[in-house]
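What follows is a structure written as C-alpha coordinates; I'll ask about it next.
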Amino acid sequence: MYDAAILLVDDEQTIVEILQTVLYKEGFTHIDTAQSGEEAISRCQTKTYDLIVLDVMLPGRSGIEICPFLRQTTDAPILFLTARSSDFDKLSGFAVGGDDYITKPFNPLEVVARVRSQLRRYVSKLPQQPSGNVGESRDFSNQIYDYGRFIVNECAGELIVRGKTIACPALVFQLLLFLCKHPNQIFTKRELYEKVWGEEALSDDNTVMVHIHRLRERIEQDPSDPRFIVNVRGIGYKLVPPVAKENES
(Lines give C-alpha, C1' and ligand atoms only; values in the text may rest on other atoms or scores of the structure.)
Protein backbone atom coordinates (compact mmCIF):
# COMPACT_ATOMS: atom_id res chain seq x y z
CA MET A 1 0.00 0.00 0.00
CA TYR A 2 1.12 3.52 -0.69
CA ASP A 3 1.81 5.91 2.18
CA ALA A 4 1.14 9.07 0.19
CA ALA A 5 -1.41 11.39 1.80
CA ILE A 6 -3.95 12.74 -0.70
CA LEU A 7 -6.49 15.54 -0.25
CA LEU A 8 -9.60 15.54 -2.48
CA VAL A 9 -11.31 18.93 -2.66
CA ASP A 10 -14.72 18.86 -4.36
CA ASP A 11 -18.24 19.78 -3.25
CA GLU A 12 -19.82 17.08 -5.44
CA GLN A 13 -20.06 14.10 -3.11
CA THR A 14 -20.57 11.65 -5.98
CA ILE A 15 -17.26 12.62 -7.58
CA VAL A 16 -15.45 12.40 -4.24
CA GLU A 17 -16.86 8.92 -3.59
CA ILE A 18 -15.90 7.71 -7.06
CA LEU A 19 -12.35 8.97 -6.72
CA GLN A 20 -12.01 7.57 -3.21
CA THR A 21 -13.20 4.16 -4.34
CA VAL A 22 -10.83 4.00 -7.31
CA LEU A 23 -7.86 5.30 -5.31
CA TYR A 24 -8.51 2.82 -2.50
CA LYS A 25 -8.59 -0.01 -5.02
CA GLU A 26 -5.24 1.17 -6.36
CA GLY A 27 -3.69 1.04 -2.89
CA PHE A 28 -4.01 4.66 -1.74
CA THR A 29 -5.44 4.52 1.77
CA HIS A 30 -4.51 7.91 3.26
CA ILE A 31 -7.22 10.06 1.70
CA ASP A 32 -8.87 13.12 3.22
CA THR A 33 -11.63 15.20 1.71
CA ALA A 34 -12.80 18.81 1.80
CA GLN A 35 -15.94 20.37 0.35
CA SER A 36 -14.84 24.00 0.21
CA GLY A 37 -11.75 26.09 -0.31
CA GLU A 38 -11.72 27.25 3.28
CA GLU A 39 -11.81 23.66 4.53
CA ALA A 40 -8.96 22.73 2.17
CA ILE A 41 -6.81 25.62 3.42
CA SER A 42 -7.51 24.62 7.02
CA ARG A 43 -6.55 21.00 6.38
CA CYS A 44 -3.29 21.98 4.68
CA GLN A 45 -2.39 24.15 7.65
CA THR A 46 -2.65 21.22 10.04
CA LYS A 47 -1.47 18.28 7.90
CA THR A 48 1.13 17.62 5.23
CA TYR A 49 -0.23 16.23 1.96
CA ASP A 50 1.71 14.64 -0.88
CA LEU A 51 -0.86 15.50 -3.56
CA ILE A 52 -4.03 17.58 -3.82
CA VAL A 53 -6.89 17.05 -6.27
CA LEU A 54 -8.64 20.43 -6.44
CA ASP A 55 -11.95 21.24 -8.10
CA VAL A 56 -12.10 24.67 -9.72
CA MET A 57 -15.83 25.31 -9.23
CA LEU A 58 -16.12 25.31 -5.42
CA PRO A 59 -18.74 27.13 -3.32
CA GLY A 60 -17.41 30.46 -2.11
CA ARG A 61 -13.88 30.92 -3.33
CA SER A 62 -12.92 28.90 -6.39
CA GLY A 63 -10.04 26.47 -6.65
CA ILE A 64 -8.15 29.06 -8.70
CA GLU A 65 -8.60 31.61 -5.91
CA ILE A 66 -7.48 29.35 -3.06
CA CYS A 67 -4.53 27.73 -4.85
CA PRO A 68 -2.10 30.56 -3.94
CA PHE A 69 -3.09 30.15 -0.28
CA LEU A 70 -2.44 26.41 -0.49
CA ARG A 71 0.95 27.14 -2.01
CA GLN A 72 1.86 29.10 1.14
CA THR A 73 1.83 25.86 3.11
CA THR A 74 2.54 23.08 0.60
CA ASP A 75 4.63 22.30 -2.45
CA ALA A 76 2.63 19.13 -3.13
CA PRO A 77 1.50 18.62 -6.74
CA ILE A 78 -1.96 20.11 -7.32
CA LEU A 79 -4.20 18.50 -9.92
CA PHE A 80 -7.14 20.66 -11.02
CA LEU A 81 -10.56 19.21 -11.85
CA THR A 82 -12.98 21.39 -13.77
CA ALA A 83 -15.81 21.42 -16.27
CA ARG A 84 -14.08 24.28 -18.06
CA SER A 85 -11.69 23.47 -20.89
CA SER A 86 -10.60 26.78 -22.45
CA ASP A 87 -6.93 27.68 -22.76
CA PHE A 88 -7.54 30.66 -20.47
CA ASP A 89 -8.82 28.41 -17.69
CA LYS A 90 -5.89 26.03 -18.10
CA LEU A 91 -3.35 28.83 -18.05
CA SER A 92 -5.04 30.35 -14.99
CA GLY A 93 -4.68 27.06 -13.15
CA PHE A 94 -1.01 26.70 -14.01
CA ALA A 95 -0.27 30.36 -13.28
CA VAL A 96 -1.50 30.13 -9.67
CA GLY A 97 0.46 26.99 -8.87
CA GLY A 98 -1.33 24.01 -10.40
CA ASP A 99 0.66 21.10 -11.81
CA ASP A 100 -1.89 19.26 -13.92
CA TYR A 101 -5.40 19.71 -15.29
CA ILE A 102 -8.27 17.32 -16.01
CA THR A 103 -11.57 18.32 -17.60
CA LYS A 104 -14.91 16.92 -16.44
CA PRO A 105 -16.39 14.51 -17.32
CA PHE A 106 -13.35 12.29 -16.89
CA ASN A 107 -12.40 8.66 -16.62
CA PRO A 108 -11.53 8.00 -12.94
CA LEU A 109 -8.70 5.72 -14.07
CA GLU A 110 -7.18 8.68 -15.92
CA VAL A 111 -7.14 10.63 -12.67
CA VAL A 112 -5.44 7.70 -10.94
CA ALA A 113 -2.85 7.53 -13.73
CA ARG A 114 -2.06 11.20 -13.33
CA VAL A 115 -1.91 10.88 -9.55
CA ARG A 116 0.57 8.02 -9.92
CA SER A 117 2.58 10.02 -12.45
CA GLN A 118 2.90 13.01 -10.12
CA LEU A 119 3.70 10.96 -7.03
CA ARG A 120 6.14 8.63 -8.74
CA ARG A 121 8.46 11.53 -9.49
CA TYR A 122 8.03 13.79 -6.50
CA VAL A 123 7.15 11.69 -3.47
CA SER A 124 9.83 9.43 -2.06
CA LYS A 125 7.21 7.45 -0.12
CA LEU A 126 6.03 5.73 -3.29
CA PRO A 127 7.88 2.68 -4.60
CA GLN A 128 10.06 3.64 -7.55
CA GLN A 129 10.34 1.75 -10.79
CA PRO A 130 13.63 -0.19 -10.80
CA SER A 131 16.30 1.15 -13.11
CA GLY A 132 19.84 0.18 -13.97
CA ASN A 133 21.57 -2.92 -12.67
CA VAL A 134 20.49 -4.76 -9.56
CA GLY A 135 22.38 -3.41 -6.60
CA GLU A 136 23.51 -0.31 -8.47
CA SER A 137 23.81 2.74 -6.24
CA ARG A 138 23.96 6.44 -7.02
CA ASP A 139 26.15 9.06 -5.41
CA PHE A 140 24.16 12.25 -4.76
CA SER A 141 26.89 14.01 -2.77
CA ASN A 142 28.11 16.16 -5.65
CA GLN A 143 24.80 16.84 -7.39
CA ILE A 144 24.80 20.54 -6.62
CA TYR A 145 24.53 23.06 -9.45
CA ASP A 146 25.99 26.47 -8.60
CA TYR A 147 25.19 29.25 -11.06
CA GLY A 148 26.26 32.13 -8.85
CA ARG A 149 22.93 33.84 -8.43
CA PHE A 150 21.23 30.55 -7.59
CA ILE A 151 22.17 27.06 -6.39
CA VAL A 152 20.21 23.87 -7.04
CA ASN A 153 20.76 21.04 -4.55
CA GLU A 154 19.30 17.90 -6.11
CA CYS A 155 19.80 15.66 -3.09
CA ALA A 156 18.12 18.11 -0.68
CA GLY A 157 15.53 19.23 -3.23
CA GLU A 158 16.40 22.88 -2.55
CA LEU A 159 16.60 26.02 -4.65
CA ILE A 160 18.72 28.76 -3.06
CA VAL A 161 18.68 32.20 -4.65
CA ARG A 162 21.20 34.75 -3.36
CA GLY A 163 21.60 32.82 -0.13
CA LYS A 164 17.90 32.33 0.60
CA THR A 165 15.94 29.10 0.21
CA ILE A 166 13.08 29.69 -2.23
CA ALA A 167 9.84 27.70 -2.20
CA CYS A 168 9.62 25.82 -5.47
CA PRO A 169 6.72 23.58 -6.58
CA ALA A 170 7.76 20.09 -7.58
CA LEU A 171 7.40 20.45 -11.33
CA VAL A 172 9.12 23.84 -11.41
CA PHE A 173 12.04 22.35 -9.48
CA GLN A 174 12.21 19.30 -11.76
CA LEU A 175 12.19 21.54 -14.83
CA LEU A 176 15.06 23.61 -13.43
CA LEU A 177 16.97 20.48 -12.43
CA PHE A 178 16.63 19.02 -15.92
CA LEU A 179 17.93 22.22 -17.51
CA CYS A 180 20.82 22.37 -15.03
CA LYS A 181 21.82 18.87 -16.08
CA HIS A 182 21.84 19.93 -19.73
CA PRO A 183 23.34 23.45 -19.86
CA ASN A 184 23.51 25.20 -23.22
CA GLN A 185 21.34 22.54 -24.85
CA ILE A 186 18.22 23.70 -26.67
CA PHE A 187 14.97 21.84 -26.02
CA THR A 188 11.63 22.34 -27.70
CA LYS A 189 8.55 22.73 -25.51
CA ARG A 190 7.42 19.26 -26.47
CA GLU A 191 10.81 17.77 -25.57
CA LEU A 192 10.77 19.49 -22.19
CA TYR A 193 7.26 18.24 -21.51
CA GLU A 194 8.16 14.66 -22.37
CA LYS A 195 11.41 14.76 -20.38
CA VAL A 196 10.08 16.49 -17.25
CA TRP A 197 6.43 15.48 -17.17
CA GLY A 198 7.29 12.06 -18.56
CA GLU A 199 4.24 11.54 -20.75
CA GLU A 200 3.09 12.32 -24.26
CA ALA A 201 -0.01 14.27 -25.27
CA LEU A 202 -1.40 14.81 -21.77
CA SER A 203 -1.02 18.56 -22.07
CA ASP A 204 -0.08 21.26 -24.54
CA ASP A 205 2.84 23.63 -25.05
CA ASN A 206 1.24 26.23 -22.77
CA THR A 207 2.06 24.04 -19.78
CA VAL A 208 5.79 24.38 -20.40
CA MET A 209 5.52 28.11 -21.12
CA VAL A 210 3.77 28.76 -17.81
CA HIS A 211 6.29 26.72 -15.84
CA ILE A 212 9.19 28.49 -17.58
CA HIS A 213 7.61 31.78 -16.48
CA ARG A 214 7.27 30.54 -12.90
CA LEU A 215 10.90 29.40 -12.97
CA ARG A 216 12.14 32.74 -14.26
CA GLU A 217 10.25 34.53 -11.49
CA ARG A 218 12.36 32.61 -8.99
CA ILE A 219 15.86 32.67 -10.44
CA GLU A 220 16.09 35.69 -12.73
CA GLN A 221 16.94 39.19 -11.54
CA ASP A 222 14.60 40.52 -14.24
CA PRO A 223 12.15 37.81 -15.45
CA SER A 224 11.19 39.98 -18.43
CA ASP A 225 14.83 40.03 -19.55
CA PRO A 226 16.08 36.54 -18.61
CA ARG A 227 19.80 35.79 -18.46
CA PHE A 228 19.67 32.11 -17.48
CA ILE A 229 16.57 30.56 -19.05
CA VAL A 230 16.61 32.01 -22.55
CA ASN A 231 14.24 31.54 -25.45
CA VAL A 232 15.78 30.52 -28.75
CA ARG A 233 13.26 31.96 -31.17
CA GLY A 234 11.38 29.38 -33.18
CA ILE A 235 13.08 26.45 -31.43
CA GLY A 236 12.73 26.34 -27.67
CA TYR A 237 14.59 27.07 -24.43
CA LYS A 238 18.03 26.54 -22.96
CA LEU A 239 19.83 27.28 -19.71
CA VAL A 240 22.87 29.52 -20.16
CA PRO A 241 25.43 29.35 -17.33
CA PRO A 242 27.19 32.62 -16.47
CA VAL A 243 30.79 33.00 -17.59
CA ALA A 244 31.71 33.78 -13.99
CA LYS A 245 29.72 33.74 -10.77
CA GLU A 246 27.74 36.89 -10.17
CA ASN A 247 28.62 39.23 -7.34
CA GLU A 248 25.35 41.06 -6.92
CA SER A 249 24.63 43.35 -4.05
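The values are calculated or read from the model by the stated rules, or taken from the named source; none is laboratory data. Keep in mind that this is a model prediction, so the values were computed, not measured. All Cβ positions, even for glycine, are placed from backbone atoms using ideal geometry, and neighbour counts span all protein chains on display. Keep in mind that these areas ignore ligands, DNA and RNA; they rest on the heavy atoms of the full protein, side chains included. Shrake-Rupley method; radii C 1.70, N 1.55, O 1.52, S 1.80 Å.
Step through the residues of the stretch 160-165 one at a time and calculate ³J(HN,Hα) from phi using the Karplus curve (6.51 cos²θ - 1.76 cosθ + 1.60, θ = phi - 60°), rounding each to whole Hz and writing x for Gly and Pro.
So the J values, rounded to whole Hz, are 10, 10, 6, x, 10, 6.
Which ³J(HN,Hα) values, rounded to whole Hz and listed in residue order, are derived for the stretch 222-227 from phi using the Karplus coefficients 6.51, -1.76 and 1.60 in 6.51 cos²θ - 1.76 cosθ + 1.60 with θ = phi - 60°, glycine and proline given as x?
Result, rounded to whole Hz: 10, x, 6, 9, x, 10.
Sort K25, K104, K195 by heavy-atom solvent-accessible area, probe 1.4 angstrom, most to least.
K25, K195, K104
Okay, moving on. Highest mean first, how do 7-20, 177-190, 222-235, 66-79 rank when packing is the count of other Cβ atoms within 10 Å averaged over residues?
On the way: 7-20: 17.9, 177-190: 15.7, 222-235: 12.4, 66-79: 20.2.
Top of the packing list down: 66-79, 7-20, 177-190, 222-235.
Using 0.36 nm per residue, how much length does the chain from Q185 to N153 gain when fully extended, once their Cα-Cα distance is taken away? Walk me through the numbers on the way to the answer.
On the way: separation 32, 0.36 × 32 = 11.52 nm, distance 2.04 nm.
9.5 nm is the gain from fully extending Q185 to N153.
Take the solvent-accessible surface of the protein heavy atoms, probe 1.4 Å, and return the percent of it on the stretch 1-76 that carbon and sulfur atoms account for.
Values: 1710 of 3530 Å².
C and S atoms contribute 48 percent here.
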